[in-house]
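Taking it in order: structure first as structure tokens, then the write-up.
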Amino acid sequence: MLCSVMMLVWFYLIVRAFNSWSPMPVEFEIGFDDISDTFICIYESRLPSILLTSERITQTVNLLLAIYVVSLLTGFVFNKVIFYLGLERRFSFLQFQSQWQYLTSSSKQNNLRHSFGDIFYTKVDVMNAKEELFTGRLHMISYDKDGKVEAITLRDAYRFNRISKKDHPDKAAEIKQAFSNKNALLLPHSETASTFVYRKRIQGDLFTVFNGDLNNISITYVKISNVYRRFQKVMRIVFSILLLLMGLASLVYAVYDFHIYPFSSTLKRVLFCILSPLFLIFIGLLLNALFNSKMYKLNRKKYKEDLGDGFLLLIMCALPYLFIFDVFQWWLVIIIMFVYATIMGNFLSTNKKK
Amino acid sequence: MKSISKPFHFVADAFKDVFATFGLIFKLANSVKDIMVRTDEENLEKLLKTPEDQVKFQKALDEAIKDSSAKEVILNGRNVRISA
């Protein structure tokens, strides 16, 4: 109920802000008088006036659709922004999954070493009722209808095996010989004078232990850092949010003409909206290739090839703008693109290798 | 015959170049995920592509847990630090 009221208020603020800024205000034929009349009619058990004629029904449906679409888009954008910035792990009021989900994933609240931009995963050691020990990466926790844990699913699961050296000396030596640096099916764990413990990979992608079979569970937060430099972490977030906003603006602009630019036809406006996020993607890829210092140091030839390919493709992506902004006719732009693609094909690094 | 086949080959090569170009555009557009924020699972899958990297990772993790200290290891060409 609270969310519905908040969405209605948010919708009102969005429309009001938009109307104050845009030369083409959005107007709904249903106003406050109609809404209050609806509540009075419901109280008096009469059919509301907004449902009396087909025209009024259409106006009502338009308003409801607009509210739902704004709510959907707002929810999607906020969900993505919270994910990109990792805010759900910092602020409990932004959490939208169950408590177990947040307990079993690293955050500032449960892991002091948690830092922004590093990779975290949860290593889980599970003992079942038969005192068999399994370990793996936590994939999912399943819940029953009452919200209690029903099963725990591991990814890349291993089973611990213990061998007594005194009882099976040959087996211990045989298993040691089977260890390899080229596959992770058998891994050593520990060794004492009398016992030898190793882990054997359980075949399959996922391994599930059900709650009834669960004895205890040990959780370890594994942190993998130095994967990206700070600059790369920030640029990823900036680009992700920029692409999200660009995609949203393009979608809305394709449906509703804000009259930002006087396109000569709806088709050109829609093409502009489809092409612009793609153009942003290619700019992002070109900049990523340009600032790839690691590639520059290791393989300068590949660095120049990546840069060259990115630049050529960016120009290719920009050619349709000649039609969108009325520079050339559509058939001439298609010819230009065909000729450019033919010439460019000889300069692309992938074609050169062939 | 030579005079007929030459333009034909030219047009065929031209179409081949055009398809190669659009194929590369599509492939590069798909690679946009490499420069966006991804989930920890996706990042980990990218880091542990080869079986050799998976073995190195498991061994480094075991040592990090045993010694309660961070271990450095090269995975997928990146020098990363693992701690638990």
* Structure fact -> Per the filter on segment A:124-165, residues more than 21 Å from residue A:196 (Cβ to Cβ), among the β-branched types (Val, Ile, Thr) and within 28 Å of the chain's Cα centre (by Cα) are A:124, A:141, A:149, A:152, A:153
* Test result for residue A:281, touching a helix residue (DSSP H, G or I) at 6+ places or on another chain (Cβ under 7 Å) and within 14 Å of another protein chain (Cβ to nearest Cβ) -> yes
* Do we have residue A:276 as more than 30 Å from residue B:12 (Cβ to Cβ) and either surrounded by fewer than 15 Cβ atoms within 10 Å (Cβ to Cβ) or within 12 Å of chain B (Cβ to nearest Cβ) (or both) here? -> no
* How many residues are touching a helix residue (DSSP H, G or I) at 6+ places or on another chain (Cβ under 6 Å) and modelled with pLDDT under 80 if we restrict to segment A:106-137? -> 2
* **Of the criteria (1) under 18 Å from residue A:255 (Cα atoms); (2) modelled with pLDDT under 80; (3) in a helix (DSSP H, G or I), which one residue A:64 fails** => (2)
* Check residue A:292 against each of (1) within 13 Å of chain B (Cβ to nearest Cβ); (2) touching a residue at least 24 places away in the same chain (Cβ under 8 Å) and name the one condition it does not meet. => (2)
* Residue check, residue A:21 under 28 Å from residue A:258 (Cβ atoms) and in contact (Cβ under 8 Å) with a residue 24 or more places away in the chain -> no
* Asked: For residues in segment A:220-240 being at the interface with chain B (Cβ under 7 Å from one of its Cβ atoms) and of a type in the set (A, V, I, L, M), which is farthest from residue B:56 (Cα to Cα)?
  -> A:237
* Asked: Taking segment A:6-27, which residues are of a type in the set (Ser, Thr, Tyr) and assigned to a loop (DSSP other than H, G, I, E, B)?
  -> A:22
* What single numbered condition from (1) assigned to a helix (DSSP H, G or I); (2) within 22 Å of residue B:77 (Cβ to Cβ); (3) of a type outside the set (A, V, I, L, M) fails to hold for residue A:282? -> (2)
* Subset of segment A:220-270 (residues that are among the hydrophobic types (A, V, I, L, M, F, W, C), in a loop (DSSP other than H, G, I, E, B) and free of Cβ contacts under 8 Å to residues at least 60 places away in the same chain) -> A:260
* Write out, first by first residue and then by second, each pair whose Cβ atoms fall under 6 Å of each other, whose residues are 6+ apart or on separate chains, and whose first residue, in segment A:28-51, is touching a residue at least 24 places away in the same chain (Cβ under 8 Å) and in a loop (DSSP other than H, G, I, E, B) while the second is surrounded by 12 or more Cβ atoms within 10 Å (Cβ to Cβ) and not β-branched (Val, Ile, Thr). => A:28/A:63; A:29/A:59; A:30/A:59; A:30/A:63
* Pick from segment A:179-219 the residues that are aliphatic (A, V, I, L, M), surrounded by 12 or more Cβ atoms within 10 Å (Cβ to Cβ) and part of a loop (DSSP other than H, G, I, E, B): which of them is farthest from the other protein chains (Cβ to nearest Cβ)? -> A:202
* Quick one: residue A:192 ticks every box in (1) free of Cβ contacts under 8 Å to residues at least 40 places away in the same chain; (2) in contact with a Lys or Arg (Cβ under 6 Å, 6 or more places away or on another chain); (3) among the β-branched types (Val, Ile, Thr) except a single one, so which number is it? => (2)
* Mind counting the residues in segment B:39-63 that are buried (at least 19 other Cβ atoms within 10 Å of the Cβ) and either among the hydroxyl-bearing types (Ser, Thr, Tyr) or modelled with pLDDT under 85 (or both)? => 0
* To do: Determine if segment A:277-292 includes at least one residue that is small (Gly, Ala, Ser) and over 30 Å from residue A:115 (Cβ atoms).
  => no
* Asked: If we scan segment A:222-237, do we find a residue that is within 19 Å of residue A:129 (Cα to Cα) and surrounded by 14 or more Cβ atoms within 10 Å (Cβ to Cβ)?
  -> no
* To do: Scan segment A:321-335 residue by residue and report those that are more than 14 Å from residue A:265 (Cβ to Cβ) and either outside any helix (DSSP H, G or I) or of a type in the set (Lys, Arg) (or both).
  => A:327, A:328
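The values are calculated or read from the model by the stated rules, or taken from the named source; none is laboratory data. In this text the structure is predicted, and so the values were computed from the model without any measurement. Because the Cβ atoms are built from the backbone with ideal geometry, glycine has one as well, and the counts that use them run over all protein chains shown.
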